[in-house]
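Heads up, the thing below is written out as structure tokens.
The values are calculated or read from the model by the stated rules, or taken from the named source; none is laboratory data. Everything quoted here is computed from the prediction, not taken from an experiment. Cβ sites come from the backbone with ideal geometry, for glycine too, and all protein chains shown count toward neighbours. Just the protein is used for accessible areas: all its heavy atoms, side chains included, with ligands, DNA and RNA removed. Shrake-Rupley method; radii C 1.70, N 1.55, O 1.52, S 1.80 Å.
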Number of protein chains: 2
Amino acid sequence: MSGSSESNDAEVPTAASPVPSTRLTGRLPTTTPAEAAAIVPETATLLVSGFGGVGYPKLVPEAIAAGDQRELTVVSGGGVGDEIDRDLVESGDMVRRYPFVPNETVRDAVNAGAVAFHDRHISRLADEVRFGGLRAGTDGPTVAIVEAVAVGSDWLIPSTSVGHSPAYVETADHLIVEVNRAQPLELGRVHDIYLRQAPPHRGPIPLDDPLDTIGGPAIRFDPERLEAVVETDRPDDPYEFREAGDTERAIADNLCRFLQAELERNPLLAERVNLQFGVGSLGNALMGGLSDVDFGDREVSYVGEVVQDGLLDMLDGGQLSGASATSLALSADGQARLFDDVERYAADVILRPADISNAPALIDRFGVVGINSAVEVDLYGNVNATHIRGTRVVNGIGGGGDFARNSRLGIITLPSTAVDGDVSRIVPLTPHVDHTEHDASVVVTERGVADLRGRSPRERAEAVTAIADPAFREDLERYRQRAASSGGNTPHDLESAFDWTR
Amino acid sequence: MSGSSESNDAEVPTAASPVPSTRLTGRLPTTTPAEAAAIVPETATLLVSGFGGVGYPKLVPEAIAAGDQRELTVVSGGGVGDEIDRDLVESGDMVRRYPFVPNETVRDAVNAGAVAFHDRHISRLADEVRFGGLRAGTDGPTVAIVEAVAVGSDWLIPSTSVGHSPAYVETADHLIVEVNRAQPLELGRVHDIYLRQAPPHRGPIPLDDPLDTIGGPAIRFDPERLEAVVETDRPDDPYEFREAGDTERAIADNLCRFLQAELERNPLLAERVNLQFGVGSLGNALMGGLSDVDFGDREVSYVGEVVQDGLLDMLDGGQLSGASATSLALSADGQARLFDDVERYAADVILRPADISNAPALIDRFGVVGINSAVEVDLYGNVNATHIRGTRVVNGIGGGGDFARNSRLGIITLPSTAVDGDVSRIVPLTPHVDHTEHDASVVVTERGVADLRGRSPRERAEAVTAIADPAFREDLERYRQRAASSGGNTPHDLESAFDWTR
């Protein structure tokens, strides 16, 4: 590898000039994936870019998996591709994983106890990596592998997601950059990179409006740490969204009716509505369904984690003034649509570091209406968003906790049943809790809306039972009768609480 | 009642001149408790001052309880006295209560289902009251009853707590002020009142250091709404702290050892340590125990909810540069000690509105080390802070969730057993969850410290078992063996998970 060149600030892309003329600027340590992989020590923490299944490095993780046996803690922003969460698991190199496991292979390994996983709030992870807050498995050397659309001697421009890359690039002992020619250089226009100071003197995030910008397109780094640049043109392997079915459409209808009524009564939504939807097919379908809401003169923005296909429809339809997120978590079709017209979309879309997109302070400040999904909800409004039968993790909490807790209005949407109607998702007691009864305010199923705000546990149980599938309501009522004998603020019959689950 | 006078800004106490010369300034609608009580409609929401068992109105609630039958939703800042949480319950006037139930009478009524209660995060309540977020039972007229040390035609200075009074005074249709001559006028020196704008244009809270001030001593109001001023000299009936026993001292020792080690390794604690302790005897004992920690040159501040007696010791000992809180939740002795020397203590103590003292944004910004207690903790780090056997509420979540989630280091302290050692507080699965496995990072008992940061659920279970009482460790290990057969990221044997609880 060649040595790094001196920094030349004149060449660093800025908000005013966000698109460099070339992919590689200056003298860079370009090399092969195998040589880059050789930089990774036998025991190390890999800090990889990627969020929402896009913007992750591809060739170097693949080369690591193909190379010598290692013991790696792998930390991403959010969801990443098979080169990381399949190949590194199958090769036996991955022993620990943060903060999210949406891919099947890594999820199976985690559920088998073969890969250690602890589920972190997205908003917290950047600080935990920067300031040593993860502890387990992160004591060794750190190697950041970041996908970029362009790189210079001391800067890079991320590709289709920002995630926690600014924090990872700052923290890493060794930096490897994958420049991906399949990702448009014009993505420089969407990024607003801002790295917070360390507590206790970090000050507020200086963002007054969710569509303002406070940074520029480039992540800066110490040029000494840039040890390899690898080129590729392999595209992202993004999410595929399920087509919305009758149930999703009925949930969307109920949600829209609720939002319409809330617009009339809620003084905080009189002028501006800042909406967030969670990652996934239901979230995508709900975004698409929003065209049925009459927002009147209100300005409507998306203020969340991921730009999904449903958002592009709303942008094209003029219903949305803009979107602030950390990932372009589009389908392949959605990605093609955005890439064909990046400049136009870039005027309305901002990608931020995930500790900014998910910052509790900003979710509060902007009065976000947060809409997320769940595995199951119990009678008292506790939400299990991550674990089937309380034991098998599905994906991880992601940003759900950030938005459920800090939104002005935290809404949980889910079908009332699973497994073709055989299993109720409205249960007496969730065996795993991700959002407590203190957090989510409103639950929506295809059967109706349970507005839990301010209600006592007994009142909540009644409201939640009413949005269960009718086939399970009698059983839920019988549970409530048995529970009544326990007394207490939150009645339970713990002997039968898990009869449906176990 | 006489009409209110015109505002005269020259007379309003300010940060520069925080102590008015008289208790009552200008022409005020002074009256008797019974006449003030008559202002309260038959169905209404009472918004009362008080937090940490101090600073609550006394005579008017007592008069309401003695008067006509009413249906009242009662909302306080936090803990209040018997005139509210005993008398209004016994008289049958209280039908709903937010956000916290530390008094025995109201707690029993809530657990019997006679008073509806929903447990709210302290940080969220002011906004919920101001902007209609509580919904249930708050549609009718609102009456604020606020204890003050002094009042003018359009301002008041709170007494021993601020709590949510600024929000309540702003929201109320009718305002009643109790001026308490037993509370020193000099308390004007400790208050820093600041009311945030409404989302989505509220901007950040402009506080760069936890010991800065951004407001003044007075809560302002529309003079038209001030309908009664009642005078009293009845003192607060504050908490009594239990003397620390061997178990508390052992917990304090373990906590201090952990903090000492953390000071060495944690870069965020290199210069400044901002500590929070929860309300109660254990919190008070832990504060007292901190004198064993060698903080070196670091500046140490208290950044939390309540100033308890243990903090006065630290202030007197010069170990603490200052305290930011929302309540002087002192014992009677502690209150006497502070009142005897208000001016000196006021130089180091700041009382803020509870939505500022507990703001997630500030807890994050100041990198708080948050130390709170619990009813029980499970193998995976889920924390039940409020419900005995998952059903009977003890008090409420208070600010525990604000600090457990948003602290840089969220620590849960608890004795490993209850009921003279007969019941383990380390359990397989908590039947109620207030802080999820995603939140608290470290658990401390008298048996040791479980550092859960970044650990997988299986690893957490091992660490948590090690700090259980030895009499229960074998049973916990047997549970883990049974649970292992379920597989999954978070193994459980749901059939026996509550064998200890039910």
Among the residues of the stretch B:267-291 satisfying the criterion of being among the small types (Gly, Ala, Ser) and over 23 Å from B:Asn395 (Cβ atoms), which is nearest to the other protein chains (Cβ to nearest Cβ)? B:Ala270
Pairs where the first residue, in the stretch B:202-215, is in contact (Cβ under 8 Å) with a residue 12 or more places away in the chain and in a loop (DSSP other than H, G, I, E, B) and the second is of a type in the set (Gly, Ala, Ser) and open to solvent by 40 Å² or more (accessible area, probe 1.4 Å), C-beta under 7 Å, 6+ apart: B:Leu211/B:Ser321; B:Thr213/B:Ala15
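So which residues in the stretch A:369-382 are under 19 Å from the mean Cα position of the chain (by Cα) and among the polar types (S, T, N, Q), if there are any at all? Show your work before the answer.
Quick first cut of the stretch A:369-382, residues under 19 Å from the mean Cα position of the chain (by Cα) only: A:369-375.
Listed by number, the residues that qualify are A:Asn372, A:Ser373.
Within the stretch B:84-93, track down each residue that is acidic (Asp, Glu) and open to solvent by 20 Å² or more (accessible area, probe 1.4 Å). Please lay out each step first, then the result.
Applying the first criterion (acidic (Asp, Glu)) to the stretch B:84-93 yields B:85, B:87, B:90, B:93.
Of everything in the stretch B:84-93, those that are acidic (Asp, Glu) and open to solvent by 20 Å² or more (accessible area, probe 1.4 Å) turn out to be B:Asp87, B:Glu90.
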Which residue pairs have Cβ atoms under 9 Å apart, sit 6 or more places apart or on different chains, and have a first residue in the stretch A:35-51 that is at negative phi and part of a helix (DSSP H, G or I) and a second that is of a type in the set (D, E, K, R) and crowded, with 24+ Cβ neighbours inside 10 Å? A:Ala36/A:Glu178
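May I ask you to list the residues in the stretch B:180-201 that are of a type in the set (A, V, I, L, M, F, W, C), in a loop (DSSP other than H, G, I, E, B) and over 22 Å from the mean Cα position of the chain (by Cα)?
Here is the first cut: in the stretch B:180-201, the residues of a type in the set (A, V, I, L, M, F, W, C) are B:182, B:185, B:187, B:190, B:193, B:195, B:198.
Next, from what is left, pick out any that are in a loop (DSSP other than H, G, I, E, B): B:182, B:190, B:195, B:198.
Selection gives B:Ala182, B:Ala198.
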Residue count for the stretch A:389-403, restricted to those that are facing chain B (nearest Cβ under 8 Å), surrounded by 24 or more Cβ atoms within 10 Å (Cβ to Cβ) and not in a loop (DSSP other than H, G, I, E, B): 1
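Could you go through the stretch B:362-371 and let me know if any residue there is outside any loop (DSSP other than H, G, I, E, B) and closer than 26 Å to B:Val110 by Cα.
Initial filter on the stretch B:362-371 (outside any loop (DSSP other than H, G, I, E, B)): B:362-365, B:369-371.
Keeping just the survivors that are closer than 26 Å to B:Val110 by Cα gives none.
No, the conditions are met nowhere in the stretch B:362-371.
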Among the numbered criteria (1) crowded, with 24+ Cβ neighbours inside 10 Å; (2) touching a helix residue (DSSP H, G or I) at 6+ places or on another chain (Cβ under 8 Å), which single criterion is violated by A:Phe366? (2)
Any residue at all in the stretch B:119-127 that is under 24 Å from B:Glu90 (Cβ atoms), within 14 Å of another protein chain (Cβ to nearest Cβ), surrounded by 21 or more Cβ atoms within 10 Å (Cβ to Cβ) and without any contact (Cβ under 8 Å) to a residue 40 or more places away in the chain? no
Hey, A:Tyr479 hits all of (1) surrounded by fewer than 22 Cβ atoms within 10 Å (Cβ to Cβ); (2) more than 8 Å from chain B (Cβ to nearest Cβ) but one; which does it fall short on? (1)
Determine if the stretch A:440-461 includes at least one residue that is buried (at least 21 other Cβ atoms within 10 Å of the Cβ), at pLDDT below 95 and either more than 7 Å from every other protein chain (Cβ to nearest Cβ) or not in a loop (DSSP other than H, G, I, E, B) (or both). yes
Quick check: anything in the stretch A:422-432 out of contact with any helix residue (DSSP H, G or I) (no Cβ under 6 Å at 6 or more places or on another chain), among the charged types (D, E, K, R) and open to solvent by 10 Å² or more (accessible area, probe 1.4 Å)? yes
First in the stretch A:288-313 and among the aromatic types (Phe, Trp, Tyr), second anywhere and assigned to a strand (DSSP E or B), Cβ under 6 Å, 6 or more apart: A:Tyr302/A:Leu275; A:Tyr302/A:Ala323
Taking the stretch B:1-37, which residues are at pLDDT 75 or above, surrounded by fewer than 14 Cβ atoms within 10 Å (Cβ to Cβ) and of a type in the set (S, T, N, Q)? B:Thr14, B:Ser17, B:Ser21, B:Thr22
With respect to B:Leu175, determine if the residue is more than 26 Å from B:Thr14 (Cα to Cα), buried (at least 23 other Cβ atoms within 10 Å of the Cβ) and without any contact (Cβ under 8 Å) to a residue 60 or more places away in the chain. no
Would a scan of the stretch A:114-127 turn up a residue that is touching a Ser or Thr at 6+ places or on another chain (Cβ under 8 Å), closer than 22 Å to B:His438 by Cα, small (Gly, Ala, Ser) and in the same structural domain as A:Gly215 (by TED's automatic domain parsing)? yes
Sort out which residues of the stretch A:404-436 are within 14 Å of chain B (Cβ to nearest Cβ) and over 24 Å from A:Asp493 (Cα atoms), and write them in order of number. A:Ala404, A:Arg405, A:Asn406, A:Ser407, A:Arg408, A:Leu409, A:Gly410, A:Ile411
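Could you please let me know if A:Arg344 is free of Cβ contacts under 8 Å to residues at least 24 places away in the same chain and among the basic types (Lys, Arg)? Show your work before the answer.
Values: free of Cβ contacts under 8 Å to residues at least 24 places away in the same chain: yes; among the basic types (Lys, Arg): yes.
Criteria met by A:Arg344.
Quick one: is B:Leu409 buried (at least 24 other Cβ atoms within 10 Å of the Cβ), in contact (Cβ under 8 Å) with a residue 60 or more places away in the chain and either outside the structural domain of B:Thr105 (by TED's automatic domain parsing) or in contact with a strand residue (DSSP E or B) (Cβ under 9 Å, 6 or more places away or on another chain) (or both)?
Numbers: buried (at least 24 other Cβ atoms within 10 Å of the Cβ): no; in contact (Cβ under 8 Å) with a residue 60 or more places away in the chain: yes; either outside the structural domain of B:Thr105 (by TED's automatic domain parsing) or in contact with a strand residue (DSSP E or B) (Cβ under 9 Å, 6 or more places away or on another chain) (or both): yes.
Criteria not met by B:Leu409.
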Restricting attention to the stretch A:201-241, which residues are surrounded by 22 or more Cβ atoms within 10 Å (Cβ to Cβ) and at pLDDT below 95? A:Pro238, A:Tyr239
Applying the selection to the stretch B:372-386, what residues are crowded, with 24+ Cβ neighbours inside 10 Å, part of a strand (DSSP E or B) and not charged (D, E, K, R)? B:Asn372, B:Val377, B:Val383, B:Asn384
Being open to solvent by 10 Å² or more (accessible area, probe 1.4 Å), touching a strand residue (DSSP E or B) at 6+ places or on another chain (Cβ under 6 Å), of a type in the set (Lys, Arg) and facing another protein chain (nearest Cβ under 10 Å) is true for just one of A:Arg107, A:Arg96, A:Arg130. Which residue is that? A:Arg96
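If I ask for residues that are surrounded by 23 or more Cβ atoms within 10 Å (Cβ to Cβ) and either in the same structural domain as B:Gly396 (by TED's automatic domain parsing) or more than 14 Å from the chain's Cα centre (by Cα) (or both), which ones from the stretch B:65-80 would you list? Reasoning before the result, please.
Within the stretch B:65-80, the subset surrounded by 23 or more Cβ atoms within 10 Å (Cβ to Cβ) is B:72-80.
Correct list: B:Leu72, B:Thr73, B:Val74.
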All positions within the stretch B:316-368 that are β-branched (Val, Ile, Thr), within 17 Å of the chain's Cα centre (by Cα) and more than 14 Å from every other protein chain (Cβ to nearest Cβ): B:Thr326, B:Val349, B:Ile350
Test result for A:Ala144, in contact (Cβ under 8 Å) with a residue 12 or more places away in the chain and within 21 Å of A:Arg27 (Cα to Cα): yes
